[in-house]
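Reading through the structure tokens given below for one structure.
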Amino acid sequence: RPPPGLPPRHMDSVVQIVEALESSGPGFAVPELARALGGCSTPGCRAVLGEPPEVPPAPPALARQQWLLFTQLLRHDAAAPEGGAVLAPDGSTVTLGPLFAGIEVGLKRATGRPTPAIEPPVDALYAVTVAEALGTSFLLARGGDGHRATLGPAGCWDDVGDPQNYTLLGPPSLIPDAIAIGAMDGVLLGAQLAQEPTPLADLLRGYYGTGNGTEKGRPPSSYRRRDFGVLTGPGKLEEEVVAMLRVLRELPPTRELLEDVGPEEMVAIARQAARDFTEVYVECPAIVPRCMWGARPYRGTPKPLTLPLGSVYIHHTFSPSDPCRTFAACARAMRAMQRFHQDTRGWDDIGYSFVVGSDGYLYQGRGWHWVGAHTKGYNSKGYGVSYVGDFSATLPDPDAIALVRDELLPCAVRTGRLHHNYTLRGHRQMGHTDCPGNSLFHEIETWHGFK
């Protein structure tokens with residue numbers, strides 16, 4: 001638990017700290033400071049970026065509480081990997097260690113400063129962000145009973161307006177969601193900096209959309225899954241995890257961990273790690289958990305679905321009639337719908353399985369496992385997926401259409417929640433209603449599975 005009076009653990013606070021540090025004079029290296037404070041404390045990261053510098057005294061440019069927060073966010077604690085996380089304006093949670101490590105590699109490339117040469121060679125940008133953590137997580141899980149988590153879980157903040165405490169929603173792997181997101185952002189921003197050096201405060205503000213009250217629409221960070229997938233390519237991640245495992249086999253602190261792992265097994269571990277990471281964090285869409293949008297508790301006892309299901313029913317909310325394009329607006333819409341469904345309709349909970357924002361995110365309603373109240377007579381047979389807005393005369397944004405058609409539905413099939421030969425229907429086909437609106441209905445007539 002943070003000491004009282006610290007600034008919120010929000011990306012806005014981090015940008016203000018970085019800006020103050022950068023204004024303290026030319027040549028002040030924020031990523032090196034992050035490394036000194038513990039942001040790159042694993043054996044592989046230290047081998048690639050070098051031993052961390054000494055922790056300097058508190059910089060005069062920072063208020064005492066800002067320095068305390070920055071120190072706390074970068075102190076590595078393997079037992080509490082959620083400790084270095086902050087909330088971004090798009091509603092995602094980002095761990096700062098891998099973010100600043102990726103930024104440091106990008107800055108070194110931009111200015112022609114080399115990273116230490118290590119054998120076998122690795123791509124430093126992936127090594128310090130994602131490859132070491134990913135390889136180690138899957139290495140430790142091999143030969144186990146199958147119950148050790150390798151990726152995830154997500155987590156929730158105590159208060160999204162003043163985030164101070166972040167709690168994981170299950171047993172942690174070495175790569176909870178916040179570390180995965182920090183790693184992807186570290187790769188993307190490191191690659192961007194290598195091409196075009198920019199003051200870090202400007203870089204972070206532009207990418208996360210901080211300081212705009214989160215009401216100006218989608219920031220670039222909400223496209224991270226797409227952009228990481230484009231940059232990284234299918235074989236790149238596997239290649240970098242293999243390279244990092246080979247490095248770890250040579251380093252004294254990790255040598256023992258890999259002494260009985262042959263070259264073929266190393267490749268198999270890396271392939272599985274890259275495949276699972278890509279499925280979870282690139283191909284499947286991000287789903288905002290209930291506790292992040294401020295859901296009330298379910299009333300009564302939820303009924304479990306029997307998976308896989310055979311159907312999907314597409315809806316629009318009609319009211320709210322405007323699409324939501326920010327985390328704050330979509331979370332408000334979710335709370336309003338849940339109030340209406342519980343208090344006016346008398347249902348146990350918000351009726352939909354998932355709700356689609358125009359901010360790049362899906363919002364968990366009843367979720368994957370519980371019977372909803374979306375399509376009377378068919379609630380136990382399929383998922384109800386509703387777009388926020390009235391789509392009688394206009395279509396959702398192309399990104400919001402693709403989020404369901406190209407990401408959610410194939411992901412549901414791959415993960416065993418939906419039959420591969422599922423049927424897709426509009427709400428109007430199942431009852432007396434205009435839902436999901438004429439425009440959206442004509443759109444879904446072109447989708448795979450439509451009957």
Worksheet item: Roughly how many nanometres apart are two label points built 7 Å out from the Cα toward the Cβ at VAL230 and ARG75?
Response: 4.0 nm
Worksheet item: When only alpha-carbon atoms count, how far does the stretch 21-89 stretch along each of its three principal axes, as whole angstroms with the largest first?
Response: 31, 28, 24
Worksheet item: Packing-wise, with mean Cβ within 10 Å as the measure, how do 267-278, 51-62 rank, highest first?
Response: 267-278, 51-62
Worksheet item: With all protein chains present, how much of the accessible area of the chain (probe radius 1.4 Å) comes from carbon and sulfur, to the nearest whole percent?
Response: 53 percent
Worksheet, complete the sentence: For the stretch 291-445 the mean separation of alpha carbon contacts under 8 Å (6+ apart) over residue count, i.e. relative contact order in percent, is 32 percent
Discussion item. Could you tell me the relative contact order of the chain? Use alpha-carbon pairs under 8 Å, at least six residues apart, and round to a whole percent.
Written reply: 14 percent
Fill in: LEU169 paired with HIS419, simple spin-label distance in nm, labels 7 Å along Cα-to-beta-carbon
2.8 nm
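How much length is gained on full extension from ARG296 to GLU279, taking 0.36 nm per residue of separation minus their Cα-Cα distance? Walk me through the numbers on the way to the answer.
Details: separation 17, 0.36 × 17 = 6.12 nm, distance 3.02 nm.
Extra length available between ARG296 and GLU279 comes to 3.1 nm.
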Practice prompt. Within the stretch 174-243, report the trypsin sites (Lys or Arg not before Pro) that DSSP leaves as loop and that have at most 14 other Cβ atoms within 10 Å.
Written response: LYS216
Fill in: Alpha carbon centroid spacing (whole Å) that separates the stretch 273-295 from the stretch 99-120
29 Å
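Just need the Rg to Rh number for the stretch 184-276, please, alpha carbons only, Kirkwood Rh. The partial results should precede the final answer.
Numbers: Rg = 17.9 Å, Rh = 15.8 Å.
Rg/Rh: 1.13.
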Discussion item. Please compute the length gained on full extension between ASP158 and HIS432, using 0.36 nm multiplied by the number of residues separating them and subtracting their Cα-Cα distance.
Written reply: 94.5 nm
Discussion item. 7 Å from Cα along Cα→Cβ at both ALA61 and ASP406: what's the point-to-point distance in nm?
Written reply: 4.0 nm
Worksheet item: Rounded to the nearest 5, what % of the DSSP beta bridges within the chain are antiparallel ones?
Response: 35 percent
Fill in: Theoretical FRET efficiency, 1/(1+(r/R0)^6), r = Cβ-Cβ of PHE450 and PHE340, R0 35 Å, to 0.05
0.75
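Given axes a ≥ b ≥ c from the Cα gyration tensor, I'd like to know whether the stretch 60-171 is rounded (a/c under 1.5), prolate (a/b larger than b/c) or oblate. The partial results should precede the final answer.
On the way: a/c = 2.27, a/b = 1.05, b/c = 2.15.
Since a/c reaches 1.5 but b/c is at least a/b, the shape of the stretch 60-171 is classed as oblate.
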Discussion item. Tell me the relative contact order for the stretch 150-305 as a rounded percent, counting alpha carbon contacts under 8 Å between residues six or more apart.
Written reply: 20 percent
Worksheet item: Scanning the chain for helices, which whole DSSP H stretches are 20 Å or more long along the axis (Cα) and average 0.5 or more by Kyte-Doolittle?
Response: 96-111, 177-195
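Can you work out the FRET efficiency for the pair GLU259 and ALA194, with r the C-beta to C-beta distance and R0 = 41 Å, to the nearest 0.05? Provide the component values of the computation, followed by the final result.
Details: r = 35 Å, r/R0 = 0.86.
Efficiency at R0 = 41 Å is approximately 0.70.
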Worksheet item: Accessible area per residue, 1.4 Å probe, Å², for the stretch 11-283: what's the number?
Response: 42 Å²
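Can you work out the FRET efficiency for the pair LYS303 and LEU6, with r the C-beta to C-beta distance and R0 = 41 Å, to the nearest 0.05? Before the final figure, lay out the partial values.
Numbers: r = 43 Å, r/R0 = 1.04.
Efficiency for this residue pair is about 0.45.
Does the chain classify as rounded, prolate or oblate by the C-alpha gyration tensor (a ≥ b ≥ c root eigenvalues; a/c under 1.5 gives rounded; else a/b over b/c gives prolate, otherwise oblate)? If you can, show how the numbers build up before the last one.
Working: a/c = 2.06, a/b = 1.54, b/c = 1.34.
Prolate, since a/c reaches 1.5 and a/b exceeds b/c.
Which shape class, rounded, prolate or oblate, goes with the stretch 104-221 when its Cα gyration tensor gives a ≥ b ≥ c as root eigenvalues, a/c under 1.5 marks rounded, and past that a/b bigger than b/c marks prolate? If you can, show how the numbers build up before the last one.
Numbers: a/c = 3.10, a/b = 1.07, b/c = 2.90.
Because a/c hits 1.5 or more and a/b fails to exceed b/c, the stretch 104-221 counts as oblate.
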Fill in: Per-selection Kirkwood Rh - the stretch 251-390 (Cα, Å, 1 d.p.)
17.2 Å
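The values are calculated or read from the model by the stated rules, or taken from the named source; none is laboratory data. If you're wondering where the values come from, they're calculated on a predicted model, not measured in any experiment. Glycine gets a Cβ as well: all are built from the backbone with ideal geometry, and neighbour counts include every protein chain shown. Surface areas here come from the heavy atoms of the whole protein model, side chains and all, with no ligands, DNA or RNA. Shrake-Rupley method; radii C 1.70, N 1.55, O 1.52, S 1.80 Å.
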